[in-house]
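Reviewing the structure listed below.
The values are calculated or read from the model by the stated rules, or taken from the named source; none is laboratory data. Just so it is clear, the structure is predicted and the values come from calculations on it, not from any experiment. Neighbour counts run over all protein chains shown; Cβ positions are idealised from the backbone, glycine included.
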Amino acid sequence: MRIGIVYNEPAREGEPNWESSVDVMAQVQAVETSLHELGHNPVRLPFLRDLATFSLRVRREAITAAFNLCESVDDNPHLSGHPAAVLELLDIPFTGSSAGPLMISTNKLLAKRVMQGAGIGTPAAYLYQGEKNIQASGLRFPVILKPQFEDASIGIDQDSVLTDPSRLRPALQRLYGLHGPILIEEYISGREFNISLFGFPTPEVMPLAEIDFSSFPDDLHRIVGYRAKWDPESFEYQETRRIFPDSLPWHFASQMASVALECFHLFGLRDYGRVDLRLDSDNAINVLEINANPCLSPDAGFPAAVAENGKTYTDMVNCFLRFLAARSQA
């Protein structure tokens, strides 16, 4: 296969949320290095709005398969599924989910509605779209505010969790001005787990990862906000740890794995995905996010789970190649 590495051009240093945006280049570098180790000579293909130039480059380089690492187009999260759609139109097999699941899972409200319709537990929520009258009286405080379309915890930090209803309106107005529609979601304060799934045509559940907040003081909410992911100097970044607990009761681990698999199939994910969930005070499972095409940076949660399952990063990339080959021959 002649492999193209398709990725979104990141924001420049100093632009809003550039720290999360530039991470795509770490993914490109890591995948490229592994492909070289496996004997391939991949081509980097930045995806821009100039589709004619992109299509011409694909043909000129004789690309027959692609690693789709696009997380947006020009940092517009509404366009996260469009690169996959273009690859589909060009009939180029590519890694990860197709355009539909990418667009549905990126829309936090739509993803929640899909889960609710299937009977999957997820926190109650209301979408604020700039209206004067906020119809969120049925929600129980505390709540957490999340931009409807952003990923990488953009727009989420300690002040996103509200315990005082009087702070809701000014907080919503501020975030709405920055990010557009805001999801007001009941805040679940229990244990948080990330469950990665990997495989084609049948996904395998990777070892369950837990976010360890044990070092957080009482005055910090136990969330993985933007600073926890992208600000190495912050307390949240330094003290938010990923662990793979080996003492979980079997029925808890089995139930969470079953819910993650159900979500994978419900949303039509392909090759890989990650389901983020929390346990409430009754140990009921609440799914927070469905992550199609989760981050492949070497230090990210998905490669960590694959490594915990006994595969190196290059082993993981080789698995993706097998998935591509299987679809190419179908």
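Quick grid of which residues meet (1) outside the structural domain of L197 (by TED's automatic domain parsing); (2) in contact with a Leu (Cβ under 8 Å, 6 or more places away or on another chain); (3) surrounded by 14 or more Cβ atoms within 10 Å (Cβ to Cβ); (4) modelled with pLDDT of 95 or more:
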{"site": "I243", "(1), (2), (3), (4)": "no, no, no, yes"}
{"site": "L248", "(1), (2), (3), (4)": "no, yes, yes, no"}
{"site": "H251", "(1), (2), (3), (4)": "no, no, no, no"}
{"site": "M256", "(1), (2), (3), (4)": "no, yes, yes, yes"}
{"site": "G273", "(1), (2), (3), (4)": "no, yes, yes, yes"}
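Among the strands (runs of 3 or more DSSP E) confined to region 112-202, the ones with at least 2 residues that are more than 16 Å from I223 (Cβ to Cβ) are located at 125-128, 192-199. Cβ-Cβ contacts under 7 Å between residues 6 or more apart (or on different chains), taken from a first residue in region 18-37 that is without any contact (Cβ under 8 Å) to a residue 24 or more places away in the chain to a second residue that is surrounded by fewer than 21 Cβ atoms within 10 Å (Cβ to Cβ) and assigned to a helix (DSSP H, G or I), are absent.
Does A136 meet the test of being of a type in the set (A, V, I, L, M), modelled with pLDDT of 95 or more and over 19 Å from the mean Cα position of the chain (by Cα)? Lay out the reasoning, then the answer.
Numbers: of a type in the set (A, V, I, L, M): yes; modelled with pLDDT of 95 or more: no; over 19 Å from the mean Cα position of the chain (by Cα): yes.
Considered against the rule, which asks whether it is of a type in the set (A, V, I, L, M), modelled with pLDDT of 95 or more and over 19 Å from the mean Cα position of the chain (by Cα), A136 comes out as no.
When each of P147, P123, P142 is tested for being in contact with a His (Cβ under 7 Å, 6 or more places away or on another chain) and either of a type in the set (D, E, K, R) or modelled with pLDDT of 95 or more (or both), the lone residue that passes is P147. Pairing residues of region 251-269 that are under 20 Å from N293 (Cα atoms) with residues that are crowded, with 20+ Cβ neighbours inside 10 Å and modelled with pLDDT under 95, at Cβ distances under 7 Å and at least 6 apart in sequence or on separate chains, gives no pairs at all.
The residues of region 98-144 that are in contact with an Asp or Glu (Cβ under 8 Å, 6 or more places away or on another chain) and among the aliphatic types (A, V, I, L, M), listed by number, are A99, A111, A118, I120, A124, A125, L139, V143, I144.
Inspect all residues belonging to region 224-242 and state whether any of them is in a strand (DSSP E or B) and over 30 Å from L321 (Cβ atoms). Can you show your working first?
Here is the first cut: in region 224-242, the residues in a strand (DSSP E or B) are 241-242.
Keeping just the survivors that are over 30 Å from L321 (Cβ atoms) gives 241.
Checked region 224-242: at least one residue is in a strand (DSSP E or B) and over 30 Å from L321 (Cβ atoms).
Listed by first and then second residue, the pairs with beta-carbon distance under 6 Å, at least 6 apart or on different chains, first residue in region 60-89 and of a type in the set (D, E, K, R), second modelled with pLDDT of 90 or more and in a strand (DSSP E or B), are E61/V43; E71/N8. Taking every residue in region 301-330 that is assigned by TED's automatic domain parsing to the domain that holds I290 and pairing it with any residue that is among the basic types (K, R) and buried (at least 17 other Cβ atoms within 10 Å of the Cβ), at least 6 positions away or on another chain, the pairs with Cβ-Cβ distances below 7 Å are G301/R274; F302/R274. The lone criterion from (1) within 18 Å of S72 (Cα to Cα); (2) basic (K, R); (3) modelled with pLDDT of 95 or more left unmet by R60 is number (1). You will find that of S214, S153, the residue that is in contact with a Phe, Trp or Tyr (Cβ under 7 Å, 6 or more places away or on another chain) and among the hydroxyl-bearing types (S, T, Y) is S153 and no other.
Restricted to region 289-330, and to residues that are part of a helix (DSSP H, G or I) and of a type in the set (D, E), which residue is farthest from the chain's Cα centre (by Cα)?
Initially, region 289-330 is screened for residues part of a helix (DSSP H, G or I), giving 301-308, 313-328.
Remaining after also requiring of a type in the set (D, E): 308, 315.
Numbers: E308: 19, D315: 22 Å.
Only one residue fits best here, namely D315.
State whether one or more residues within region 243-261 are over 15 Å from the mean Cα position of the chain (by Cα) and within 29 Å of V22 (Cβ to Cβ). Steps first, please.
Keep residues of region 243-261 that are over 15 Å from the mean Cα position of the chain (by Cα), which gives 243-259, 261.
Next cut, within 29 Å of V22 (Cβ to Cβ) only: 243-244.
Looking for residues that are over 15 Å from the mean Cα position of the chain (by Cα) and within 29 Å of V22 (Cβ to Cβ), one finds at least one in region 243-261, hence yes.
Given the structure, is M206 within 18 Å of L277 (Cβ to Cβ), buried (at least 21 other Cβ atoms within 10 Å of the Cβ) and touching a Ser or Thr at 6+ places or on another chain (Cβ under 6 Å)?
Yes.
All told, L178 falls short of being crowded, with 20+ Cβ neighbours inside 10 Å, over 23 Å from V317 (Cα atoms) and either of a type in the set (A, V, I, L, M, F, W, C) or in the same structural domain as Y126 (by TED's automatic domain parsing) (or both).
Of the residues D75, D50, which single one is of a type in the set (D, E, K, R) and closer than 22 Å to I104 by Cβ?
Values: D50 fails: closer than 22 Å to I104 by Cβ.
Result: D75 is the single residue among D75, D50 that is of a type in the set (D, E, K, R) and closer than 22 Å to I104 by Cβ.
Of the residues making up region 150-163, those that are modelled with pLDDT of 95 or more and among the small types (G, A, S) number 1. Residues in region 176-224 that are within 25 Å of Q135 (Cβ to Cβ) and polar (S, T, N, Q): S189 only. Just one of (1) at pLDDT below 95; (2) closer than 19 Å to P16 by Cβ fails for G130. It is (2).
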